[in-house]
């Protein structure tokens, strides 16, 4: 749990200045969007895997170190399943964090990028940062 808190704090600190960046709104199939975006930051993607179509609406804010995506609606389980297909099982997984929502963390050492997938009342948030071996 302590590692998750540190990872969240690091991700928030890294993306604070990204709030000044332009927020882009998208809709359509989330899977190819996420794979392309994550690959730009060094994600290790599995070859030859057929990914599910995930129809959604989302916003994204990016900077040189990573990006933050907010997906609207009830998509946590299908996006979590997709992330497991792409990156394998998360390093840390909680059914309910201190706010009562699911929370998954993938290490940069495993995925090529550090990823957090956090459930929210109105959807979910994914934070993806360039590889940093110091993250839990």
Could you tell me whether any residue of the stretch 110-122 is within 17 Å of residue 25 (Cα to Cα) and at pLDDT 90 or above? yes
A careful count of residues in the stretch 28-56 that are on the phi > 0 side of the Ramachandran plot and touching a helix residue (DSSP H, G or I) at 6+ places or on another chain (Cβ under 9 Å) gives 1
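Go over the candidates 90, 52 one by one and state the one that is surrounded by fewer than 14 Cβ atoms within 10 Å (Cβ to Cβ) and either more than 24 Å from residue 26 (Cα to Cα) or modelled with pLDDT under 95 (or both).
Numbers: 90 fails: surrounded by fewer than 14 Cβ atoms within 10 Å (Cβ to Cβ).
So the residue among 90, 52 that is surrounded by fewer than 14 Cβ atoms within 10 Å (Cβ to Cβ) and either more than 24 Å from residue 26 (Cα to Cα) or modelled with pLDDT under 95 (or both) is 52.
Test residue 43 against the stated conditions and say whether it is in contact (Cβ under 8 Å) with a residue 60 or more places away in the chain, in a loop (DSSP other than H, G, I, E, B), touching a strand residue (DSSP E or B) at 6+ places or on another chain (Cβ under 6 Å) and within 17 Å of residue 127 (Cβ to Cβ). Break it down stepwise before answering.
Values: in contact (Cβ under 8 Å) with a residue 60 or more places away in the chain: yes; in a loop (DSSP other than H, G, I, E, B): yes; touching a strand residue (DSSP E or B) at 6+ places or on another chain (Cβ under 6 Å): yes; within 17 Å of residue 127 (Cβ to Cβ): yes.
For residue 43, the condition - in contact (Cβ under 8 Å) with a residue 60 or more places away in the chain, in a loop (DSSP other than H, G, I, E, B), touching a strand residue (DSSP E or B) at 6+ places or on another chain (Cβ under 6 Å) and within 17 Å of residue 127 (Cβ to Cβ) - is met.
Any idea which of 67, 33 is part of a helix (DSSP H, G or I), surrounded by 13 or more Cβ atoms within 10 Å (Cβ to Cβ) and modelled with pLDDT of 95 or more? Give the derivation first.
On the way: 67 fails: part of a helix (DSSP H, G or I).
Among 67, 33, only 33 is part of a helix (DSSP H, G or I), surrounded by 13 or more Cβ atoms within 10 Å (Cβ to Cβ) and modelled with pLDDT of 95 or more.
The values are calculated or read from the model by the stated rules, or taken from the named source; none is laboratory data. The model shown is predicted, which means the values in this text are computed figures rather than measured ones. Quick reminder, even Gly has a Cβ in these numbers, built from the backbone with ideal geometry, and neighbours come from all protein chains shown.
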